[in-house]
1. For segment 1-23, name all the residues that are crowded, with 16+ Cβ neighbours inside 10 Å and either assigned to a strand (DSSP E or B) or touching a Pro at 6+ places or on another chain (Cβ under 9 Å) (or both).
2. Which of the residues spanning segment 213-242 are among the aromatic types (Phe, Trp, Tyr) and open to solvent by 40 Å² or more (accessible area, probe 1.4 Å)?
3. Within the set of pairs 6 or more residues apart or between chains, which connect a residue that is touching a residue at least 60 places away in the same chain (Cβ under 8 Å) inside segment 379-392 to a residue that is open to solvent by 90 Å² or more (accessible area, probe 1.4 Å) with Cβ atoms less than 6 Å apart?
4. Identify the single condition in (1) in a loop (DSSP other than H, G, I, E, B); (2) among the hydrophobic types (A, V, I, L, M, F, W, C); (3) in contact with a strand residue (DSSP E or B) (Cβ under 9 Å, 6 or more places away or on another chain) that VAL299 does not satisfy, given that it satisfies every other one.
5. List the number of the failed condition for ASN60; all other conditions in (1) modelled with pLDDT under 95; (2) in contact with a strand residue (DSSP E or B) (Cβ under 6 Å, 6 or more places away or on another chain); (3) of a type outside the set (Lys, Arg) hold.
6. Among the residues of segment 178-186, is there at least one that is within 14 Å of the chain's Cα centre (by Cα), open to solvent by less than 10 Å² (accessible area, probe 1.4 Å) and touching a residue at least 24 places away in the same chain (Cβ under 8 Å)?
7. Out of (1) surrounded by fewer than 21 Cβ atoms within 10 Å (Cβ to Cβ); (2) in a strand (DSSP E or B), the odd one out for GLY119 is which?
8. For the condition of a type in the set (Lys, Arg), open to solvent by less than 30 Å² (accessible area, probe 1.4 Å) and within 28 Å of GLN266 (Cβ to Cβ), what is the one hit in LYS364, LYS336, LYS348?
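The values are calculated or read from the model by the stated rules, or taken from the named source; none is laboratory data. Computed from a predicted structure; not experimentally measured. Positions of Cβ are generated from backbone atoms using ideal geometry, with glycine treated the same way; all protein chains shown enter the neighbour counts. The protein model used for the area step is the full one, side chains on, heavy atoms only, and it has no ligands, DNA or RNA in it. Shrake-Rupley method; radii C 1.70, N 1.55, O 1.52, S 1.80 Å.
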Amino acid sequence: MDFKEFFKGKRMTVMGLGLLGRGVGDIAFLAQYAQHLIVTDLKTEKELLPSLKKLKKFKNITYHLGGHRLEDFNGVDLVIKAAGVPLDSPYVAEARKHAVPVKMSTSLFTRLSPATIIGITGTRGKSTVTHLVYEILKSAEKNVYLGGNVKGIATLPLLKKTKPKDLVVLELDSWQLQGFGDSRISPHIAVFTTFMEDHLNYYKGDMRVYLKDKANVFLYQKKKDFLVLGKHVSSMIRKTYGGKIQSKIISPARIPSTWKAHLLGQHNKENISLAVAVADVLKIPKAVTKKAVENFKGVSGRMELIKIYKRIKIYNDTTATTPHATLAALKALSHKKNIILIMGGADKKIEMTQLLSEIPAYVKSLIVLPGSGTDRISQGIKDLSVPTKCVQSLKEALQEALRGSKKGDIILLSPAFASFGLFKNEFDRGEQFNRLIKQL
């Protein structure tokens, strides 16, 4: 279906504007074709001012901010909900009660775009795999686009660019995959990296519901589609969904030991192997893939070396919002127990026992940021045989880290928790950290 005809004349409610740029981009795109948009968000006008300024030229948008209204969900042609809307949202229920279709931007793009879609999900690793696949395809001189759960990139506007022979690489979180499930679609090539505890505050502790959302990445694939499975999820996915999988399952091979990748850690070797498997499905020459892998420096905020200061390496791993992610960073970077770890933040209801038990093996000293998650494990932190300092700000944390470090040490921001409280989101946390480092 032509996307212009799909949106033409429609009255729509967009649930969620946000501050990361994706909502702004999608709304600006929709405003060009729709008759009228209602944009509603829990955040206030003051909080959303940076986003609102970018949309001020559009006269067919009405804003209802600082909360949602039921009447905005029952008198329109379409509702587009943002990622993270509660599963039991009364506003979504109101739309469905009145037979108003509820869509999500990334799955709607997938439905309307003529391009071949590569979708990548997983608790950890999806961002690295997404960006590496994108870089490999660019190196192969393919006409390729990046979208989905990527900061600053709105996916719907890609409808104006994508053509039948193009490729689109989408990073897909569990929330975006709810839209794929509702639309009963999956990407042509799906990648499932890992599955670990995460977002348990959202899923109310039920990992089965979390997995159900994730599984939409492959559940609606056909026989000519492909599913690339990480080694840690392969047996679980086959056992749980084996009878429902129609696509061809790909098990990645190890990357050759002669390839000189920049990414550190065993987990990143596995991430690279997943990206290479996608390249193989698309018949990218191995020499092109190898060169792209060896040139790839990683993704911002993921074990990112920001600066070497007085022979102290400072890493930003702000997107490590789970204990598994922080532990992976510790294992990848630790040499002779020389890490000063900055961690702490908002609670996601994830079990922290393993991380706490292993911190003493890698960490020289621990600096703890405030937050509901930090409060929950405060006794466990006190019991550690590691010098610990509780601070109230990121600036204070860095000052303490520098005070306690010497040449050869590593300062690592790898929080293991969500960012809300001190920061707008994990990207804001990482950007604040980077600004502090640049001032040294």
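1. Of everything in segment 1-23, those that are crowded, with 16+ Cβ neighbours inside 10 Å and either assigned to a strand (DSSP E or B) or touching a Pro at 6+ places or on another chain (Cβ under 9 Å) (or both) turn out to be MET12, THR13, VAL14, MET15, LEU19.
2. Looking only at segment 213-242, we keep the residues that are among the aromatic types (Phe, Trp, Tyr), and these are 218, 220, 226, 241.
Residues satisfying the conditions are TYR220, PHE226.
3. none
4. Against the list (1) in a loop (DSSP other than H, G, I, E, B); (2) among the hydrophobic types (A, V, I, L, M, F, W, C); (3) in contact with a strand residue (DSSP E or B) (Cβ under 9 Å, 6 or more places away or on another chain), VAL299 comes up short only on (3).
5. Of (1) modelled with pLDDT under 95; (2) in contact with a strand residue (DSSP E or B) (Cβ under 6 Å, 6 or more places away or on another chain); (3) of a type outside the set (Lys, Arg), only one is false for ASN60: (1).
6. Within segment 178-186, the first condition is being within 14 Å of the chain's Cα centre (by Cα), and the residues that meet it are none.
Looking for residues that are within 14 Å of the chain's Cα centre (by Cα), open to solvent by less than 10 Å² (accessible area, probe 1.4 Å) and touching a residue at least 24 places away in the same chain (Cβ under 8 Å), one finds none in segment 178-186, hence no.
7. For GLY119, the failing item is (1).
8. Details: LYS364 fails: open to solvent by less than 30 Å² (accessible area, probe 1.4 Å); LYS336 fails: open to solvent by less than 30 Å² (accessible area, probe 1.4 Å).
Only one candidate passes the filter, namely LYS348.
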